[in-house]
1. Taking into account only those residues within the stretch 414-439 that are surrounded by fewer than 21 Cβ atoms within 10 Å (Cβ to Cβ) and part of a helix (DSSP H, G or I), which is nearest to ligand 2 (Cβ to nearest atom)?
2. Please go through the stretch 109-126 and pick out each residue that is more than 23 Å from the chain's Cα centre (by Cα), within 16 Å of ligand 1 (Cβ to nearest atom) and in a loop (DSSP other than H, G, I, E, B).
3. Condition first: part of a loop (DSSP other than H, G, I, E, B), closer than 16 Å to GLU306 by Cβ and more than 9 Å from ligand 2 (Cβ to nearest atom). Now tell me which residues in the stretch 212-226 satisfy that.
4. Go through (1) surrounded by fewer than 20 Cβ atoms within 10 Å (Cβ to Cβ); (2) within 25 Å of the chain's Cα centre (by Cα); (3) polar (S, T, N, Q) and name the single condition GLN467 misses.
5. For the structure I just gave you, tell me whether GLU455 is in a helix (DSSP H, G or I) and within 16 Å of ligand 2 (Cβ to nearest atom).
6. Can you name the residue in the stretch 137-153 that is part of a loop (DSSP other than H, G, I, E, B) and in contact with a helix residue (DSSP H, G or I) (Cβ under 8 Å, 6 or more places away or on another chain) and, of all such residues, is nearest to ligand 2 (Cβ to nearest atom)?
7. Mind listing whichever residues of the stretch 738-765 are touching a Leu at 6+ places or on another chain (Cβ under 9 Å) and in a helix (DSSP H, G or I)?
8. Return a yes/no flag: does the stretch 698-712 have any residue that is at pLDDT below 95, within 27 Å of LYS97 (Cα to Cα) and within 15 Å of the chain's Cα centre (by Cα).
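The values are calculated or read from the model by the stated rules, or taken from the named source; none is laboratory data. Treat the numbers as computed from the prediction; the structure is a model and nothing was measured. When we count neighbours, we look across all protein chains shown, and the Cβ atoms used for this are built from the backbone with ideal geometry, even at glycine.
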Amino acid sequence: MAPKKKKGIGPGVQVWVKDKAIYGTDLYGKAEVQSIDEKQQVTVVTSNGEKTQELVLPFEECHQPHPGENVPDHCQLMFLSPPTLLENTRARYMEDKIHTLVGSILVVVNPFRRIPGIYDEAMMLQCINKKLYNAGCGPHKFAMAEQSYAAMKKQRNNQCIVVSGESGAGKTETNRQLMRYLIWRGNRDKTNAEDTLTQKIMDTNPILEAFGNAKTTRNNNSSRFGRYCLVRFGDTCDVVGAQVRVFLLERSRVTSTSKAKERAYHVMYELVAGKTKHTKALPPESFYYINLSGTMDCPGRNDADEYRNTASALLSGVGLSADEADQMWAGLAGMMWLGNIDFGTADTATVNAKGADDPIRVAEKLLGVGDMEKLLTTRAITVNGEVTFAKHSVPNACAARDALVKIMYARLFSWLVVRINQTVDDVKRAKHYIGLLDVYGFEYGFEFFEVNSFEQLCINFANEKLQQFFLSTVFENEGKAYKEEGIAWTPIAYQDNKQIIDLCENATGGIFKLLDSACKAPNATGKAFCSGLHEAHGKKSAAVFGAPKMGKAEKRGKEDHFLVKHFAGEVIYFAGDEKEPGFLEKNNDSLAKEVEAHLLESNKPIVRSLYETCASPSPKRKVAVASRRHSPRLRPSANKFVKSLRDLMTELQSSQAWFVRCIKSNPQLKPLLMNGESVIDQLRMSGTLDAVRLIQGGYPTRIPYEAVHSRYAKLLSDVPGVDMKSLTPAEFCEAIAEACGVNKDEYSLGTTRMFFKMGAAAFLEELAEADPEEMKPKLMEMFALFEAKRRAKPMMEKTVAMWLHRRRYEALLPQIRKEQHASKEKAEKAYARHMEEARKKEEEERRRREQEERC
Ligand SMILES: Nc1ncnc2c1ncn2[C@@H]1O[C@H](COP(=O)(O)OP(=O)(O)O)[C@@H](O)[C@H]1O
Ligand SMILES: [Mg+2]
């Protein structure tokens, strides 16, 4: 339904208005209009029961409420505005309806509690062969999965479902349910479904989450990596395998999680809770890396139970042998023991190992390598071809050790993914796939003590790219489709983010490019990199780039900080300084050659394999390299990341895309609570509000003429009263649309397709897919009815004209009555005035006569 103008606003009418002082985090509340002045300023009274105040607002800031019940598609809202969108979301959320559509986009609100039955098989059954909008259970993730599955089956092409939203909005949970449905659906018609394969595919979730998820203040199970999972289908659209791809694991979480109420990766706590020999059954407080934040527990997670689950999934799901699994756990424990090494308190780092139980000795044993002391406490310097060793200071030794652990962990994670894919992927039998994308949400540490660094920029950049993909798919392609089909199109304004993407990834002068150059320059520093950025973009990209504003609470200066105005908000990044590592150090994906060489000599095959794929030198060269002992050359990880994102985008563009926008109901992670301000922000930033506007104003459903004509033209040759044979495909479809009662203003005719307003083409869509023979009687009935109506038209027109006349008269009646009343009043007043005047005259006459008589 097209959005209506705000005609009905007037005194006594209830409207939505924004008043944070009264409505708090609800932001909007209903208020009664008192008056509207000639400058279109509206006076309303807002109240929250305790406080009441009068507010004068511009007319545009008063929004008409949606009349009636909540609607399953936001596009059905009678009056679109941020508060009506919020109200519909809230009303549905309170009824446990967490899914709402925006055309073919699905919006899901995180309920932060298990809603009984919501993911049962009964729900799945209600989605089979149903469209997104007519699933028996209403809008649902399963219906979205069904839609992509049906499209893949029909078009025989690849599909992708892009799930986005901020941290804690429910992306990973949504992905899990989408995957569950797709696997269930793909195996439904199979008598000998490969239960073990499907179980293995589902097992990839807990494994990846154990190694790649962590407790943060925003989400107790926050994914710290991006994941694109392809569910592969064979000839008969049955599940034949899966492939997992991962992006940019947040490495600093392994060694430097010091923020209160946050934890390092779940698996590190699981390993300790598992009380294995590798951790000597010590409590978690004994391990420096996981003790840094002081938070050991994660609500809703029992680390000892999870250890058992992960350990068994590694054997069954990933297919590791018992020995491999043991080496893997030993390797992980080795990294945690490295964190416990004490480098002393002197000016230069030393390790005073006291026997076999000293952390360095335990770590060496677990990693299967020889003495690591020299590697960790010195660095090689080459002067005039001569190599000397300089002792590290204690902080530098800690930093070098942490860098080693971070890279080892990241490689272990990648190795695990390779092994998972070896177990669950089957390219040979695969024909098509449905890709499920779960990329970490936009991140912004907005408190002044929170540091946003290289990893946050990468995460936010990934979100920018996804937002651009969403906008181009939904908005730009929309314009193109109208143009191609010769249909008039009024573009809808939306928040574009091209400038920010350019700022980050431009081949010349983009932030990542400048970072790359800075890393290659000798003696580069974070400050130099930062000043280069301000120089290049301070003026040129002022709309999206800048320096933090300095104030009393804000101490972040331009020399080592910069600001990016992302689509989801402004973020201040710390480039790095003498004391704290920043972009340059974090952009380093390589270890010093001597460290790599040392680890390559491990007697543990798994430890070796982490380096074999990354360290290229042959054994002979290895020795040569080791003896040359170069200091580390930076291998920038941003390049790899930007490239992998580009590849991902190309892949997404080559498949049919569906979008799920996850919304976090409240930052407290509580059930039945909705923070209106934050929900509106998310709906606006995610482009959802603009998308509703776009769909309401356009023709979102398209049906190719041929899809209907080729199936029904012959069948309907005997329709009475209409010569169907003589009609072109377009005319044929129009005749059917008219027979189905679709109004003329609800469709538009393109060159190859018919464009419909939202919800107007349900019957035609069914026709395009149903069995023509089955549909024929229904159609004949409709045409008969249509023909009867056509014949009755002159008669009906007469009746309608009379009816309209009466309606108009009825509509005018109050006015006529008012006017009649007014004229009656006027006449009565005039009569009263006349009587009064006559009385006065009579009185005067009488007085005059009396006076004359007296005289
Ligand atoms: N549909 C849902 N029903 C119940 N709980 C949910 C649902 N979606 C998310 N959650 C819970 O909310 C938390 C955050 O969800 P998650 O999917 O991890 O968010 P994200 O991946 O967007 O950061 C999780 O603990 C999860 O259990
Ligand atoms: Mg997640």
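1. SER414
2. Taking the stretch 109-126 as the starting set, the residues that turn out to be more than 23 Å from the chain's Cα centre (by Cα) are 116-117, 120-126.
Now drop any that are not within 16 Å of ligand 1 (Cβ to nearest atom), which leaves 116-117, 120, 123-124.
PRO116, GLY117, ASP120 - these are the residues of the stretch 109-126 that are more than 23 Å from the chain's Cα centre (by Cα), within 16 Å of ligand 1 (Cβ to nearest atom) and in a loop (DSSP other than H, G, I, E, B).
3. Within the stretch 212-226, the first condition is being part of a loop (DSSP other than H, G, I, E, B), and the residues that meet it are 215-221, 224-225.
Narrowing the set further to residues that are closer than 16 Å to GLU306 by Cβ leaves 215, 220-221.
Correct list: LYS215, ASN220.
4. (1)
5. Values: in a helix (DSSP H, G or I): yes; within 16 Å of ligand 2 (Cβ to nearest atom): yes.
Taking the combined requirement at face value, the residue satisfies it.
6. Taking the stretch 137-153 as the starting set, the residues that turn out to be part of a loop (DSSP other than H, G, I, E, B) are 137-140.
Then keep just the ones that are in contact with a helix residue (DSSP H, G or I) (Cβ under 8 Å, 6 or more places away or on another chain); that gives 137, 140.
Values: CYS137: 24, HIS140: 20 Å.
Looking at residues that are part of a loop (DSSP other than H, G, I, E, B) and in contact with a helix residue (DSSP H, G or I) (Cβ under 8 Å, 6 or more places away or on another chain), I get HIS140.
7. ALA739
8. The first filter runs over the stretch 698-712 and keeps only residues at pLDDT below 95, leaving 698-712.
In the following step, the residues that additionally are within 27 Å of LYS97 (Cα to Cα) were identified as 698-701.
Next, only the ones that are within 15 Å of the chain's Cα centre (by Cα) stay: none.
There is no residue in the stretch 698-712 that is at pLDDT below 95, within 27 Å of LYS97 (Cα to Cα) and within 15 Å of the chain's Cα centre (by Cα).
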